[in-house]
1. Compute the helix-to-body angle for B:184-210: its Cα long axis versus the longest principal axis of chain B, expressed 0 to 90° and rounded to tens.
2. Rounded if a/c is under 1.5, else prolate if a/b is larger than b/c, else oblate: which is segment B:1-125, with a ≥ b ≥ c the root eigenvalues of its Cα gyration tensor?
3. Calculate the FRET efficiency for A:ARG123 and A:LEU174 from the Cβ-Cβ distance with a Förster distance of 56 Å, rounded to the nearest 0.05.
4. At 7 Å along the Cα-to-beta-carbon direction for both A:SER367 and A:ARG562, put a label point, then send me their distance in nm to one decimal.
5. Quick query: amide H of A:ARG509 versus all other amide H atoms, modeled in the peptide plane; which residues come in under 5 Å with a sequence gap of 5 or more or a different chain?
6. For B:28-34, what's the mean count of beta carbons from other chains sitting within 10 Å of each residue's beta carbon?
7. Pull out the extension gain between B:SER126 and B:VAL276, defined as 0.36 nm times the separation in residues minus the alpha carbon to alpha carbon distance; nm, one decimal.
8. Each residue of segment B:11-23 in turn: what ³J(HN,Hα) in whole Hz from Karplus with 6.51, -1.76, 1.60 and θ = phi - 60°, glycine and Pro shown as x?
Amino acid sequence: MNGSPVVATVSPRERSPVQQSRWRLFALALGAIAVVVLPHFLGDSYVLQLVNFGLIGLIVVVGLNYITGYCGQINFAQAAFYGIGAYTTAVLMLKGLSFWLAMPLAAMATGLCSVVLGVPTLRLRAFYLAMATIGFSEIVQLVLIHWEPVTGGTSGLRGIPGVSLFGFALQGQLQHYYFLLAWAAFGLWLAVRVRSTQLGRSMLALRDTEIAAEVAGVNTTRIKSIALALSAIYAGIAGALYVTYIGYVSPDGFSTGQSIQYYTMLIIGGTGSAVGAVVGTITLTALPELLRFLREWYLVLYGLGVIAIIAVLPGGLVGLPRRLRRRSAPTTAPAHVSTATVEASPAASASSASAAEATRTGEMILSIKGVTQRFGGLIALDDVNIDVREGTVHAVIGPNGAGKTCFLNVLTGAYIPQAGSVKLLDRELLGLRPFQITHLGLSRNFQNIRIYPSLSVLENVMVGQACRSSINTLQSFLGTPASRREERAIKLAAREALVFVGLSEHADRPAESLAYAQRRLLEIARAIATQPRVLLLDEPAAGMNVQESTELMALIRAIRARGTTIVLVEHNMRLVMGVSDRISVLDFGKKLAEGSKDEIRQNPAVIEAYLGQTVTKDSRA
Amino acid sequence: MQLLQLVINGLAMGAIYALVALGLLQIFNAVRIVNFGQGQLLMVGAFLGLSTIVQAGLPMWLAYPVTLAAMAVIGVVFMLVAYYPVRGKPYYVLILTTIAMGIVLENLALIIWGPLPQAVPSPFGSAQWQFGGVTVSLHVLFVFAVTAVMLLGQWWFFNRTTYGRMMQATAQDMEMARLVGVRVRYTIAGAFALAAVFAGAGGLLVAPMFLAEPSMGGSLGLKAYVVSVIGGFGSLQGAVIAGLLLGVVETLAAGYISSTYRDAYAFIIMITMLFVMPRGLFGEKISERV
């Protein structure tokens with residue numbers, strides 16, 4: 001794929017962003033009018049009741065979207081949270097509390113449950129949250145059935161008072177409809193809005209690739225906990241609305257099976273956008289009613305239909321129109337633009353100035369002492385000592401399997417070595433989590449590229465600003481003026497980073513449409529956006545052609561000129577010899593040699609182990 | 001004496017959990033997905049036992065192999081419908097296809113065999129042994145024996161045969177396995193076929209103890225996941241030991257503490273385990289590659 005001469009072709013069928021947003025606005029307005037007016041014609045009917053239940057279900061599913069849609073975590077306890085909200089409200093209101101007091105308490109109760117459940121399991125691999133939530137859900141179900149003095153057992157609780165709004169008690173299906181609609185609309189609005197905040201971007205980033213989100217400075221465990229709590233709070237509020245709407249509550253409807261039903265609604269509708277939740281909820285609420293004639297075959301076809309949708313529509317039902325449109329349009333892959341544009345970037349012009357300075361001897365900034373990393377019997381790093389001086393480009397080279405990438409993984413907290421110490425100035429880094437290390441001023445790219453494909457190019461870089469954020473989650477979620485100001489600042493800084501690496505004209509494209517070499521540049525821009533003191537580059541030139549790697553060389557010099565120290569792991573000797581101030585050679589996990597370019601070139605051990613081979617390879621190229 | 005009887009009953013229950021969990025791990029160790037339809041596969045096995053033994057009147061020595069062969073085919077169909085078309089999708093989407101396939105199987109069984117619980121005989125009839133005050137049915141001993149054979153067989157398969165190693169390679173890196181010449185599609189089909197055979201054997205063994213009914217798969221499948229987590233996901237011996245332990249703890253707790261919350265104990269133990277020892281009794285071998 002890389003280096004292929006495909007030229008950018010924006011298909012004429014694609015609507016421009018402006019047109020698209022105008023269409024969207026029109027559709028939205030039309031939908032809003034329909035939603036407000038249509039129910040008047042339904043009267044106090046069975047259909048309106050179904051719609052009302054659908055609205056409550058929608059709140060539950062939009063809530064689930066935070067943890068599952070945005071974060072990619074499996075929550076099979078959404079119905080249990082819903083049940084806890086319902087029962088808490090019921091018990092409190094039967095004790096005489098008003099809805100407006102009972103509902104927030106119920107939401108708090110479910111949020112608390114989610115924190116207790118999430119904190120220990122969200123650190124682990126995704127599968128464990130699935131298991132923990134199933135277990136929690138089964139326990140909740142049993143408690144609801146058997147804790148009779150409080151929950152009323154299988155027969156449940158009756159006579160729960162309705163909601164009164166400014167002294168007026170809600171009456172009839174229509175009034176309830178507008179009340180529930182307001183809640184659903186508010187919940188949906190928040191969920192759509194969060195997508196364009198630092199919180200939302202962090203969620204999508206960690207869903208796409210968790211380790212790269214950490215390295216960009218996102219505390220993934222915290223973000224996941226927040227998302228789970230938001231899911232649970234939505235469910236809790238939905239539960240409160242449910243019991244006050246129908247006036248009684250029983251353990252039905254809060255089972256694991258029901259949770260899976262909500263989960264299915266979300267996946268079928270489409271993850272990643274809150275609109276998918278709406279589509280999924282409507283579809284799976286209406287479908288059983290419409291397909292009643294299938295009787296016992298309904299669930300068989302339902303199951304097969306779910307699989308079919310997942311197989312055919314990766315984006316869920318919400319992606320169906322786009323998919324149809326794309327099918328009718330020419331199927332050339334979206335734009336692989338040549339990277340020639342990089343030449344014009346300021347990186348290139350800044351480079352010539354700094355290239356002149358030959359050797360640098362700044363203060364010691366990164367000090368690695370006695371690091372030993374074993375995997376079972378294999379010693380990947382054996383008592384490695386390397387000192388990196390500020391403002392230098394320090395290359396770490398060595399044959400394949402010498403432990404170079406392992407070395408970077410130790411520095412950024414992905415591996416915790418058995419022995420040794422890594423100090424950034426005076427701070428010990430070993431034992432810290434990757435995002436903490438990023439906050440202290442160490443950032444990296446990945447040898448096997450890890451960008452966030454669901455975000456735009458600009459948003460990818462904005463995630464890297466996470467660690468420079470001083471706005472708390474609640475502010476970001478609610479969109480306070482301070483958070484909006486910061487959002488603008490983040491965007492500005494991200495654009496600057498894109499200009500610096502020469503990707504600015506692609507800022508608003510989806511990151512997955514970038515060509516290979518551009519993805520590497522994007523990763524570097526994201527790393528720069530964290531404003532690192534030390535930037536670790538893991539084979540940045542891999543897969544680049546001669547021209548691209550020449551441009552990369554200029555970029556690396558420009559980064560150094562900004563005062564950022566660089567640790568460069570690279571195979572491309574032309575690049576290494578072109579930019580490095582100092583070189584360490586690793587072989588079989590041991591440091592073989594260290595010195596200036598010339599010293600390394602003339603070191604017989606290095607020549608034997610490594611350079612000899614590469615020089616011939618290089619002369620061929 | 002009552003204690004000993006309870007322990008034996010618990011072990012019998014635990015052996016069943018272990019058996020279902022072994023089928024689950026067969027797929028997990030080959031394609032790294034948790035099959036949430038494993039319990040339903042077991043249910044199908046139980047009903048195929050009903051059809052071959054009771055309805056068709058086949059002798060046991062013929063009915064068992066026929067059922068297991070049919071299960072292998074069903075396993076491949078399962079894979080072709082619920083896994084192969086969606087492979088490579090994110091795990092939080094994949095998990096839903098196996099659940100959906102479980103729903104399909106359960107409702108097909110409802111249509112074919114009806115909702116009522118039905119008895120399936122054991123090859124050992126209702127033969128029992130008495131030791132003092134303790135009763136052990138021959139069937140339960142049979143269950144122990146089958147579980148032990150399956151554990152050893154599966155261990156041998158994964159660690160000592162080329163095909164088993166190919167499956168492990170596929171699980172770790174599908175593309176790389178393909179590059180070194182593993183025929184990935186057949187390997188995965190084989191894993192699903194074997195898992196379905198395990199489930200079928202489980203069904204044949206469970207049906208004489210609890211009757212066959214379409215909804216039996218859900219709760220047994222759930223217990224198998226619990227057992228796998230407690231044992232350390234991916235670990236065969238962990239699953240068996242955790243299965244036996246859970247069976248005993250559940251039975252004792254139901255006998256001495258409260259039977260109302262009988263089904264909650266498993267989940268309480270699992271959640272506690274996730275809190276204090278998330279990698280389970282026998283740890284988890286896999287970690288994310290960077």
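1. Taking the Cα atoms of chain B, the angle to B:184-210 is about 10 degrees.
2. On the way: a/c = 2.07, a/b = 1.33, b/c = 1.56.
Oblate is the answer for segment B:1-125, as a/c is 1.5 or above yet b/c matches or exceeds a/b.
3. Working: r = 47 Å, r/R0 = 0.85.
Efficiency, from the Cβ-Cβ distance: 0.75.
4. 2.7 nm
5. A:VAL457, A:LEU458
6. Working: counts 1, 0, 0, 0, 1, 1, 4.
Per residue, the number of nearby Cβ atoms from other chains is 1 on average.
7. On the way: separation 150, 0.36 × 150 = 54.00 nm, distance 4.26 nm.
That pair, B:SER126 and B:VAL276, stretches by 49.7 nm at full extension.
8. My calculation for segment B:11-23 gives 5, 4, 4, x, 5, 5, 4, 4, 4, 5, 5, 4, x Hz in order.
None of the figures in this text is laboratory data; all of them are computed from the coordinates on show. Please read all numbers here as calculations on a predicted model, not as lab measurements. All Cβ positions, even for glycine, are placed from backbone atoms using ideal geometry, and neighbour counts span all protein chains on display.
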